[in-house]
Structures are given as structure tokens and as C-alpha cells.
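We did not get these values from a lab; they are worked out from the coordinates using the rules stated. Just so it is clear, the model here is predicted, and its values are computed rather than measured. For neighbour counting, all protein chains shown are included, and Cβ atoms are generated from backbone atoms with ideal geometry for every residue, glycine included.
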Amino acid sequence: MNKTVFKKFEKALVDNNKALAHELISAHLKTWDDFLDFYEGVIPSILNSIDCAEDDDACIWLEHQISGIVRSIVEASYQPLLKVAKTLSETKHVLIACVEEEPHELGALIGAHLFELYGFKTTFIGANTPSATIKSALKTLSVDYLVLSATNIYHISTLNKLLDSIKIEFPSVKVFGSGRGVCQHYHALHLDDVLNGSKDIERVMKKEGLTCSHSV
């Protein structure tokens, strides 16, 4: 995205101009590379620029306003995403969830869309997902990979307990972690790998012998 459009998009978010923000991104999303730029370039640049103190209420409500609009655009990008998504060499199903009491799900949702771009079948079950609910999904669905997201470091112990039980109950499922909390404590977690973007997905695909190509 060029600097002029980026600045217009940023201002639309701050001004709570949801219609214009959607319009600008809709015009931007034309190719595979545009989606990667939006998910991994534009969104992080916008959200990472906001650093609110715990007692700065004016900053916090603005952050929530911006995040809400961005989330709505991510959700709206799903249909056009399908037009440029690749086809995976074999069907693989990814289940994506945030651990119990973890409310931050935007990054996990973007991760689900990135998997879709590479041709994976995805099931996204969102924020604050109880461990029993995640296990129920694993029992019901035919899942190859599970991605568990934790942004807050206080949820790492919950994540590790869940990981230990999943390894016993579902030994064929490979479990990946994502989110800031996971990245900060990766070596203390019993994960198969950490995924935080398209390059990580490509690395896992290479390990698994998977390839993808654009649909004809």
C-alpha cells in the first residue's frame, strides 16, 4: 500500500470513518501480495503504533474503536480472499483457537485467513475458548494441525496444561502456538512450532512436504 493511501486509511480509522476505511481496503485487495501486505504490513503498522497506558482511558477507547473497524475489514476480506487463494497439494485441516480467558483474537483471525490463502481448510473458534471445548472440537473434527493463541503471558500456564493433555489424548495432531505471550515463552512450552505469519506457514509446509499453487 502506498504512503498516501496508508495515511488516508489511518486517518479514517482515527476519525471513526468506517465506510471510508472499508472502501480504501476494498480497493487495495486485488492480488495475493495485497492480502499479505494488508494482514502483515498495514494492520501491524496501525495497531503497533498505539501504546496506551493502563489508566489512559482516552487512548484505550480510541484503540478499541480502531481495532473494531480493523476487525470488521478483516472479516469482510474473506470473500475476495477466496478469489486469490491457492490450492494445497493435499487437504489439511487447521483448528485455531485462543486459550481460556484470552480475549485477544484479531491476530488469530488473521492467522486463519493466512492459512486460507495457502489453501488450508480452517476452523476458527475464537477468543476465550475453554480447554474442554477445544478438546471437543478435536474429537468431532478431523484435524491435522491445532494453533493455540495466547497474547497475555498470564495464560501460558493454562496453555501448557492444555498442551500436555492434548499430546496424550490426540497424539496425531501437531500443535502450534501463536501470539505475543507464546513468542516470549516459547522455550517453556511443549509445542511443535510457533507460527506468527506467512513465512512460518511456508516453513511448516516445507517440513510437511506440502506445496500450493494458484487455482486455474
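Mind pulling the angle between the C-alpha long axis of helix 3-14 and the longest principal axis of the chain? Nearest 10 degrees, somewhere in 0 to 90.
Long axis of 3-14 versus the principal axis of the chain: about 80 degrees.
In which sequence would H155, H93 go, from the one with the fewest C-beta neighbours within 10 Å to the one with the most? Mind showing how you got there, number by number?
Values: H155 23, H93 16.
Taking fewest neighbouring Cβ atoms as first place, the list is H93, H155.
Measure nothing fancy, just the Cα-based angle from helix 131-140's long axis to the longest principal axis of the chain, in degrees from 0 to 90, nearest 10.
So the helix axis and the longest Cα principal axis differ by about 70 degrees.
Give me L95, L141, L159 ranked fewest to most by other Cβ atoms within 10 Å of their Cβ, as a rough exposure proxy. Please list the in-between numbers first.
Numbers: L95 23, L141 12, L159 27.
Going from sparsest to densest Cβ surroundings: L141, L95, L159.
Scan (1) 59, 40, 30; (2) 88, 36, 33; (3) 51, 50, 28 for the value of Cα extents along the principal axes in Å calculated from this model and give just the label.
Working out Cα extents along the principal axes in Å from the coordinates points to (3).
Of the cross-linked pairs K11/K86; K30/K135; K92/K167, which ones have a Cα-Cα span greater than 31 Å in the structure shown? Don't jump to the answer; show the numbers that get you there.
Values: K11/K86 33 Å; K30/K135 38 Å; K92/K167 19 Å.
Those over the limit are K11/K86; K30/K135.
If I measure Cβ to Cβ between cysteines in the chain, which ones have no partner under 4.7 Å?
C98, C183, C212
For a footprinting-style exposure proxy, rank S178, S89, S213 by other Cβ within 10 Å, fewest first. The partial results should precede the final answer.
Details: S178 25, S89 14, S213 10.
Going from sparsest to densest Cβ surroundings: S213, S89, S178.
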